[in-house]
1. In segment 18-37, which residues are over 16 Å from the mean Cα position of the chain (by Cα) and closer than 22 Å to Trp74 by Cβ?
2. Scan segment 38-60 for residues that are more than 13 Å from the chain's Cα centre (by Cα) and among the hydroxyl-bearing types (Ser, Thr, Tyr) and report the count.
3. Give me the residue from segment 143-158 that is touching a residue at least 60 places away in the same chain (Cβ under 8 Å) and charged (D, E, K, R) and, out of that set, nearest to Ile83 (Cα to Cα).
4. State the number of residues belonging to segment 114-142 that are surrounded by 12 or more Cβ atoms within 10 Å (Cβ to Cβ), of a type outside the set (Phe, Trp, Tyr) and free of Cβ contacts under 8 Å to residues at least 60 places away in the same chain.
5. As an exercise: evaluate Ser163 against (1) of a type in the set (S, T, N, Q); (2) within 21 Å of Ala57 (Cα to Cα); (3) assigned to a helix (DSSP H, G or I); (4) more than 12 Å from the chain's Cα centre (by Cα) and give the number of the one condition it does not meet.
6. Within segment 101-113, how many residues are more than 19 Å from Asn82 (Cα to Cα) and surrounded by 15 or more Cβ atoms within 10 Å (Cβ to Cβ)?
7. What number goes with the only condition from (1) touching a helix residue (DSSP H, G or I) at 6+ places or on another chain (Cβ under 7 Å); (2) in a loop (DSSP other than H, G, I, E, B); (3) hydrophobic (A, V, I, L, M, F, W, C) that Phe132 does not pass?
Amino acid sequence: MALIEVPEALARRLREAAEKQGVPLELLATLILSRGFDPETRIEAYRELFRRYLGEAEELYRRGEYAQAGEKLWGAIAALLNIVGELEGRPHYRHSDYWEIVEEVAEATGDPEYSTLFALAERLHANFYHAFLKPRTFDAHWEGARRLVEKLRRYLREKHGLSV
């Protein structure tokens, strides 16, 4: 992934906006920077972020760095939801947009488990800021969020023919 330097004032505002919107900083920057590009380019950027976040999440989980692992898994899920948003013409710029996408996928598939699993993933995201989950509880949320990843990947493959 290429690195760019931005003025500290802009970096600070980006960090604040990412926290407020409930998305990882890199994902917000990708959302902003890719707006002028075609959907295929944006989707490829989200796929790249998904792979990166998922790999980092799994490595952090293996090392027992649970709060960081949960946040990276949250980023992977957000990247997948951005792909769904792009493909289905839905807004995908805020945390609340992710809920809308998840609810629409649950409705379209007749599978309300998407919403339940997303709620577990949200707790991992909140845990990053507040570290309230005990290891056993974290594991249950982790497994649910991993299940959501697989369900979203299957949804993208079956509905849109896209392997992620």
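Read-outs: derived from the displayed coordinates by stated rules, not from any lab. Bear in mind the structure is a predicted one, so any value in this text is a computation, not a measurement. As a convention, Cβ positions derive from the backbone with ideal geometry for all residues, glycine included, and neighbour counts pool all protein chains shown.
1. Leu33, Ser34
2. Qualifying residue count, segment 38-60: 1.
3. Top of the filtered list is Arg153.
4. Here the count works out to 13.
5. Unmet for Ser163, out of (1) of a type in the set (S, T, N, Q); (2) within 21 Å of Ala57 (Cα to Cα); (3) assigned to a helix (DSSP H, G or I); (4) more than 12 Å from the chain's Cα centre (by Cα): (3).
6. Final tally of qualifying residues: 0.
7. So the condition that Phe132 fails would be (1).
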